[in-house]
Every structure is written in C-alpha cells, then in structure tokens.
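The values are calculated or read from the model by the stated rules, or taken from the named source; none is laboratory data. Here the structure is a predicted model, which is why all the values come from computation and not from measurement. Please note: Cβ atoms are built from the backbone with ideal geometry, for glycine as well, and neighbour counts cover all protein chains shown. Heavy atoms of the whole protein, side chains included, go into the accessibility calculation; ligands, DNA and RNA do not. Shrake-Rupley method; radii C 1.70, N 1.55, O 1.52, S 1.80 Å.
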Amino acid sequence: MATPEEAKLHQFLQWLELNRAELRGCRIKYSESSKGFGIFSSNHASDGILLVVPLDLAITPMSVLQDPLLGPECRAMFEEGEVDDRLLITLFLTVEHLRENSSWKPYFDMLPTTFGNPLWFSEDELLELKGTTLYRAAQLQKKTLQSLFDEKVKRLATKLLTLDGHPERAVKFEDFLWANSIFWSRALNIPFPRCYIFPMDSEGQDSDISSKIVNSATQTNGCGSLSNGESAKVPEYDALQDKVASAASISQGEIVWVEGLVPGIDFCNHDFKAAATWEVDGTGATTGVPFSMYLLSAGENPSLIEKEISISYGNKGNEELLYLYGFVMNDNPDDYLMVHYPVEAIQNVDFSDSKTQLLEAQKAELRCLLPQSLLNRGFFPPSNSSVEDRDKSVSSQVCNYSWSGQRKTPSYLHKLVFPADFLNALRTLAMKENELYRVSTLLEELVGSGGERQPTDTEVQAAIWEACGDSGALQLLVDLLNMKMLDLEEGSGTEENDTKLLEKACTAETPEDCKETSDIGQNHLLSRNKQSSIIYRRGQKQLTRLFVKEAEHALQLALTEEL
C-alpha cells in the first residue's frame, strides 16, 4: 500500500506530465523529514538536461492576472494599488491553497506545511535566538505580517474565495503565513524572454498590465510593503531585509526578470557545491520546448544513480538561510556579522546636533555587514586562507586626503578589514570637542567663511580624518563589538557552551518529539529549530570574537602611530 508521500508524488508526477513537464535524467522522491521532497539522478542524460518545465507552469504576477477565475478581481486589486507583485503571488497562494478544486492542488499537496524559519518557532525556540539580529527581526516580521493580514489580506482573500462559491470558509493568519513562507523559500528570479512577458496587442503595443508589473519596483522586504513605523528603530532588521530583497523585475534588453515559483525545479535543495544549475530556453533550441526552464547538470559526472541533485541558493550566510529557508549550514563560508550604531543613541553623545549634521553631510553609514571572507585579508588570517586572499587589498580605504600633510597614511591600512564608510561614521561620533572645532576650521578654510558653497561628502570625510585619525573610531568599534558579544552570550553562554550543547545534542523534529522522548544517556534533546538556532548563534559569536581581535589590534597600531 502506498504511503501518503508516495500517493502525493504519484498525483504530482501525473500533473507535471499533463502540463508538459519532462523528467529526463532525474526523479523526484522524498528526501528526509528536514528537507521534504528532493530531486535525484535516475539515468544518464547525454546532454546533461535533467528536467524541463514550461514557463506556462510558473506562478508569476502575470499568470495570476491571467487566471480564469481569480484573474479579473486580482487585476482590479493590482490596478487600484491594493497589492504589489509579491503580495499578489502570496495572496494567490493563500487562496488557491484553500480551494478544494484548485487546479494547483497536486503541486500544493507536495509542499511543506510547516517551516524551519523563525516565523514558525515556538516561544521557547525563539529564545534561542536572543541577542542575535534574527531575534528582533523575526519578532518584527511576524508582527508586521499579522498587521498586514488583519488590515488587508483577510479581506482580499475572502473576496477572492467568494468567486469560488466558498465565502463561508474562514481565512486564517496561518494560511497567509504558509503562503508567505512558500514564496520566500521557493521563488526564483526568472529571466523571462521579453516577448513572453509582453505579448503584442492588435496594434503591436506591449501589454499595459505587464508593463505596470515589471515597473512596479517591489520593495516589500518580505512583509507585504506595510510600514508600521517600527522598522526605522531596528537597523539590523532593515539591513537583513536589504540583504535578502532581490532585484526583481528589472528589464535588461530582451530579458525581463520576474519573481515566480516553478513547480518541479523548486524541489532542488541547496548545497555549496551545486550538482546542477537552472536556465531558461526561450526558443526551444536547447530543450526542444520553447519558453521553458530546465535543470542542467553542472558536474562532469552527473549520472551517479540516486544521487541528490542540488542547486546553490547563492552565497548566503546562516542568518539569511535561517531567515528565508529555515535551515543552516555547518561551517558556512558565507557567514557574516551585522554591526550597527544605534540611531537613538546619537542624541546622547556630546555635541549631537553638530555630529548629526556632519553624518548627514557624509551620507554616513551607521551599520555594516562584515563577511567572514574579510578575515582572510586581515591581521590574523585563518590557516585555510590562500596567499592570494591575504595579499588582496580590502578596499579603497585610503583616507589620506590631508591638504596640510600633517597626518600620514597609516601603515596598517592594507590590513584593515572594516568598511571605510562605517569607520567614517564612527570617527564622527567619537570626535572630541577640540577635534570638532578643528573640523569646522578645516572646512571653513576650504569653502570660505561666507559659506560660498557646501563641502562635498568626500571633503567632510577628509577633514574629519585629518582632525581625528583612526583611534577614536576604532575604540568605538571595539566597544560596539564587545557589546554585541555581551548580547549574544547573555542567557546562552560562550561559543564553547554552544559547541558542547551541539556535541551532546540528540535532535528531534519537533518540540513534541522532545517531550515524548526521555533522556538518552547524557544526551540533551533538541528540536531541529533549536539546533539550527544554536549553530547560527555560535557562528555569530565566533565571528564577533575574530572581528574584535582585528579591531583591537588595529586600535593598538593606530594609538602607536598617532603618538
């Protein structure tokens, strides 16, 4: 007798075949509970093409508007500005998932019902993220999504369901949360052929509604574009959202990039060493199927039978992987640390008004991302970094704009791993009264006492550097990093504590599994969400420790050279 997973898969494969998708050198099967379904090699495909899916099967803003039942109402919502392109897809997923007679049911039945991203964490699991950027980001994101659902989505989804003859069916927040997680964990930025997106009308003109979608320039930050006024208070959250927001719907010549879901292709799981890539065949010259997306083997030996075929989701750190996809990678080489100076703290510094004006004049950055890869070029490169990495200059950090020649370029500049824009902001915030006066004098010499012109941001940065040097900024940076470490360790202990927890962990799929199972020897039971959280926060502690070491060494050199 077929298992539930096998029955779902059988229906889905029939649905794919009916919609002209072709599994040529692969098969879809249940991978494991943490991954769900995956794609595995089945036989040798001489041309390396493993799977072909017509673009007609993709769920995109355009396909939603062309839906025979929901399309006209969705078009009205879009033209009236009630939804943008991302919310349009999420709303469609919410409604279609509730429709018993949906033509997408075989596909939806294959999709996960719960997720490992923090939106789905229990309160106990969420506490494992305390002190990290993700802790506040997850709380704010869920609150924002709840507001969006209450104020807009529930009403719009109910209106669409009445078209299906089921107005009595209640739309719950969990339905919208499911659709949101499906979109953010599975959507691709697809390079559609322009002629596919812009069908010509009888007069040879592009479709008006398609133009509106492509030019909508979505910037919803994964939360449906609702602003509740709180995001400005959480710069770590803003930066994380900036990091994950894709450059959607950008036209480049004959290609138009549009976000969407491609059933079949989206069952590929992630790996650093991808076994396949996906591409779009506009003419059918490669696959024989015009306007299709295909999975292409990336290795020289693609046909190891039953080997899982993975793709790369991009160079994403664990923070991003957990936030979007609900999993983390051990020893992730793309990990990064987010550091910021709290905006609300500026009002408490000496001469805050003057410093605020200087920050604005410089277009200063009060936050930065520090990729782990920067350490390869620093004062203490890891043993596995290449000689080429160590010899690379981090960036154009040269700050010797001095017109007086009194301040020389620091000898350590080529080893300084911290972004110049962020250091510029920290120099400004760390200025003493005499240094602030010196900056004012230098700028007055440059632009005239009558203020004949405004100094450029580069000139302001030059004056501040000449007056202050690096020591004040680096001391402030050391303090920020140490504060970040205190936040990370509060309640969860040191990096070593996290390592011991993981070494003793016996992972369970859900908190309920943990409760049902007694202690096994000396092992501690952890839900998979807790384990992911500990791996992520341990990585954050490790990076903080390493960047503190870099900052402290740079500070000592700066103090020595400024004597």
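Computed with a 1.4 Å probe over protein heavy atoms only, the accessible area of residue 444 comes to about 100 Å².
The length gained by stretching the chain between residue 357 and residue 159 to full extension, at 0.36 nm per residue less their Cα-Cα distance, is 66.3 nm. With the charge dipole of region 47-90 set up from +1 on Lys and Arg Cβ and -1 on Asp and Glu Cβ about the Cα centre, the Cα lying farthest toward the positive end among the listed residues 61, 51, 72 is that of 51. Take the Cβ atoms of residue 151 and residue 172, set R0 to 22 Å, and the FRET efficiency comes out at 0.90. Heavy-atom accessible surface of residue 553, to the nearest 10 Å², is about 70 Å², with a 1.4 Å probe and all protein chains retained. Full extension of the chain between residue 270 and residue 500 gives 80.1 nm of extra length, using 0.36 nm per residue less the Cα-Cα distance.
Computed from the C-beta positions of residue 486 and residue 279, the FRET efficiency with R₀ = 45 Å rounds to 0.40.
Placing pseudo-labels 7 Å out from each Cα toward the beta carbon at residue 447 and residue 19 gives an inter-label distance of 5.8 nm. Note on residue 414 and residue 305: their simple-model spin labels are 5.6 nm apart, each label 7 Å out from Cα toward Cβ. Relative protection proxy for 341-354, 534-547, from highest mean packing down: 534-547, 341-354 (other beta-carbon atoms within 10 angstrom). Take residue 79: with every protein chain present and a 1.4 Å probe, its accessible area is about 100 Å². By the rule of a C-alpha distance below 18 Å, with chain neighbours fewer than 8 residues away ignored, the lysines paired with residue 8 are 29, 35, 105. Partner lysines whose Cα lies under 22 Å from the Cα of residue 152, excluding those fewer than 8 positions away in the same chain, are identified as 142, 143, 172, 212.
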